[in-house]
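> Pasting a structure below so you can have a look.
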Amino acid sequence: MVTGHTTEYLGNSRGTPRLVVGGAFDSGIFSVLVEEHRYFFSNCCKCWKYLSMLEKMEEFNVEKVIEEFDSLTKDAGRVQKETLQKILEENAGAEYLQKLGLNGRTDPESFKACVPLVTHQDLEPYIQRIADGDASPILTGKPIATISLSSGTTQGKPKFVPFNDELVESTMQIYRTSFAFRNREFPIGNGKALQFIYSSKQFKTKGGLTAGTATTNIYRTSQFKNTMKAIQSQCCSPDEIIFGPDFHQSLYCHLLCGLIYRDEVEFVCSTFAHSIVHAFRTFEQVWEELCTDIRDGVLTSRVTAPSIQTAMSKLLKPNPTLADLIYKKCSGLSNWYGLIPELFPHAKYVYGIMTGSMEPYLKKLRHYAGELPLLSADYGSSEGWIGANVNPRLPPESVTYAVLPDIGYFEFIPIRENSEDRTEATFLCAESEPVGLTEVKDGDEYEIIVTNFAGLYRYRLGDVLKVVGFHNSTPKLQFVCRRNLLLTINIDKNTERDLQLAVEEAGKLLLGEKLEVVDFTSHVDITADPGHYVIFWELSSEASEEILSDCCNCLDRSFVDAGYLSSRKVKTIGALELRIVRRGTFQKILDHYLGLGGAVSQFKTPRCVGPSNNTVLQILCGNVVKSYFSTAFG
Ligand code: AMP
């Protein structure tokens, strides 16, 4: 029913008009009307013509969206003040803000003076009350009806965060913004997107609120579908596959749908690059089976979910010509190089988040993508979006995210003057005062603080970002790392980024052997004195003892943090240990997180497994096939 959706479609909840489409129609209302009346229209020839005409008008107006973004970012400072004012006005009745004594004030100075910086842990009791069914205004003026589960891969268990209509709205805004910039540089036609997206299991909290990953909550909204349509990014696969009960079956069918629609696929994407790499690694295993299904028009018996079977039966028809073509193309590839453009000849690019903890998958992604450009997607979190990639031509290694000044109020804690300085002081320094969005300095690193329309006030997201220039007056941010230290035993301090760089360096030794690190993680072993770092590697195939010993030494030497180096020299930290795990170990870890309610769409391999993350540690330790100790420091 249209009536149930009117507030969603008639403008966003912040009172600003939607900046969706050119032409006289809001695409949301338009799409709903079209869907509601399709049957009626399709039975009347005149109406059908009218419908086709309207559908053409639904085209997305790239220039208009870019113009809107430019006008927002030209005076980002003013927009930030207004945004804070709106957030505080809308949520003035929330218990959390009332207790802090703002007394209706909405200016940044009073806000900073009254509202403390908080972490997720500080908000947990409030969010728990919401999840338990307390419908009073706790964090937001309007009650929260849905909860998101953030991936929580670093902590070992998913965290609850509030989810509301305003988050849906800002998600659509960021999708449209980055699409506009992307489409100006890499225009696509009105085809389909091979999207490796998956829903998590949704469940009810104790208080009866729906809970699922943020991406799942988004995929379930009508706005998602409408926006995908408006930005020419409709998924090849039917909903039954996205919302299927089993990830492996959904992945298989995403691949199958992609092949069925191979001539229409305009780009290949997922939220995080990991899922794309995972999908094509799986393709290497199942491609012959996919060809058989296409040849016979019969779905493999490995897909057992009735909902998926029914949906696929509508799409899968015997097509020996297509099966032969795919078989021939796959057989002709050398080590699967350029697989994506070979399978999808009209694909213009590969799209997904490729920065941060996704960087280790870039090499493999490039291999599959061949000559196709890799375009890194936007920056945000389950808690809310932050910035869009408005320079899509930049390679993923140097991609930046321009902050949208009207989707939240952002502050930044300066981290260090000199990003090369990785000494102890840089992490232990007394914290500086946060600065505003337009006060950040080009070249400096900061921890981001988020205040948004979903009940977060001065919330430490835990990410470190570097300012790399400005788009008009809004900063462009480069993702550096998560702020929390991964590896530390005494005075040593290594972040996720340091680990990533060490693995990258040691991984170079495998190149000559045509081997690669499929995935990796780490652990601090303090069961013996002195403690030592343990790095777990899953490799694409077997490597010689000699090479692996060299890799182990190289890993040890690649942690250049002064605290680590000096501790290794005086042996207050023991020799680094490289443990090789069986093929499929990281798949088991992924399955474990899915069992906890996570979704592949949001999955990030935990880069450090602490003692509290017992199950994952057991999976890793139970699958070790070989282990090496470094001799790099004698
Ligand atoms: P989640 O809570 O599962 O939504 O994960 C959010 C986290 O993913 C962020 O806090 C970042 O650490 C990371 N992340 C999100 N977007 C990006 C990006 N574009 N580049 C690097 N890391 C990202």
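The values are calculated or read from the model by the stated rules, or taken from the named source; none is laboratory data. Treat the numbers as computed from the prediction; the structure is a model and nothing was measured. Backbone-built Cβ (ideal geometry, glycine too); neighbour counts: all protein chains shown. In case anyone asks, the SASA skips ligands and DNA or RNA and just uses the protein heavy atoms, side chains included. Shrake-Rupley method; radii C 1.70, N 1.55, O 1.52, S 1.80 Å.
> As a test question: what accessible area, to the nearest 10 Å², does Trp537 have when a 1.4 Å probe is rolled over all protein chains in place?
Here the accessible area works out near 0 Å².
> Still on this structure: Check each of the trypsin sites (Lys or Arg not before Pro) in segment 130-221 and keep only those in coil by DSSP with at most 10 other C-beta atoms within 10 angstrom; list them in order.
Lys206
> Moving on to the next point. Measuring from label point to label point, each 7 Å out along Cα→Cβ, what is the Lys74 to Thr205 span in nm?
4.2
> Within segment 162-206, which residues have the backbone N less than 14 Å from the label spot 7 Å out from Arg393 along Cα→beta-carbon, could you tell me?
Taking a point 7 Å out along Cα→Cβ of Arg393, the residues of segment 162-206 whose backbone N falls under 14 Å are 181-187.
> Something else now. What FRET efficiency would be calculated for the residue pair Leu596, Ser136, taking the C-beta separation as r and a Förster radius of 45 Å, to the nearest 0.05?
In this case the efficiency is close to 0.95.
> Okay, moving on. For segment 87-177, what is the Kirkwood hydrodynamic radius in Å, using each pair of distinct C-alpha atoms?
In segment 87-177 this quantity evaluates to 14.6 Å.
> Order of 263-273, 480-490 by packing, highest average Cβ count within 10 Å first?
263-273, 480-490
> Regarding segment 576-634, what is the average projected area of its C-alpha convex hull, in nm²?
For the Cα atoms of segment 576-634, the hull's average projected area reads 4.9 nm².
> If the only charges are +1 at each Lys and Arg Cβ and -1 at each Asp and Glu Cβ, what is the size of the charge dipole of the chain around the Cα centre, to the nearest 20 debye?
Here the chain has a charge dipole of around 1020 debye.
> Here is a further query. Each label point is 7 Å from the Cα along the Cα-to-Cβ direction; what then is the distance between the points at Ala92 and Leu501, in nm?
4.9
> So what are segment 463-508's ellipsoid semi-axes, whole angstrom, largest first, if each one is the square root of 5 times an eigenvalue of the alpha-carbon gyration tensor?
Sorted largest first and rounded, they come to 27, 15, 6 Å.
> Now, a different point. Spin-label point model (7 Å from Cα, Cβ direction): what's the Asn614 to Leu511 distance in nm?
It works out to 4.3 nm between the two label points.
> Where q = 0.07, 0.09 Å⁻¹, what log10 of I(q)/I(0) comes from the Debye formula for the chain, counting one point per Cα?
With one equal scatterer per Cα and no solvent, log10 I(q)/I(0) is -0.46, -0.78.
> In addition: Taking segment 307-353, how many lysine pairs are there with alpha carbons less than 24 Å apart, if each pair must be eight or more places apart or span two chains?
Total qualifying Lys-Lys pairs in segment 307-353 comes to 4.
> Output the Kirkwood hydrodynamic radius of segment 215-272, Cα pairs only, in Å rounded to one decimal.
12.2
> Now for a separate question. Report, for the chain, the % of DSSP beta bridges that are antiparallel, rounded to 5.
70
> While we're looking at this one, here's another question. Between Ala528 and Ala632, what's the calculated FRET efficiency when r is the beta-carbon distance and R0 is 25 Å? Round to 0.05.
Between Ala528 and Ala632 the formula returns 0.85.
> Among DSSP beta bridges lying fully in segment 486-629, give the percent that are antiparallel, nearest 5.
Antiparallel bridges: around 75 percent, rounded to the nearest 5.
> Report, to two decimal places, the Cα Rg of segment 486-629 normalised by 2.2 N^0.38 Å (N = number of residues).
1.02
> Let me ask something additional. Please state the Cα pair-distance histogram of segment 160-299 with 5 angstrom bins from zero: what percent is in each bin?
Cα pair-distance distribution for segment 160-299, in percent: 2, 9, 17, 21, 20, 14, 10, 5, 3, 0.
> What FRET efficiency do you get for Glu67 and Asp122 if R0 is 51 Å and r is their Cβ-Cβ distance, rounded to the nearest 0.05?
0.80
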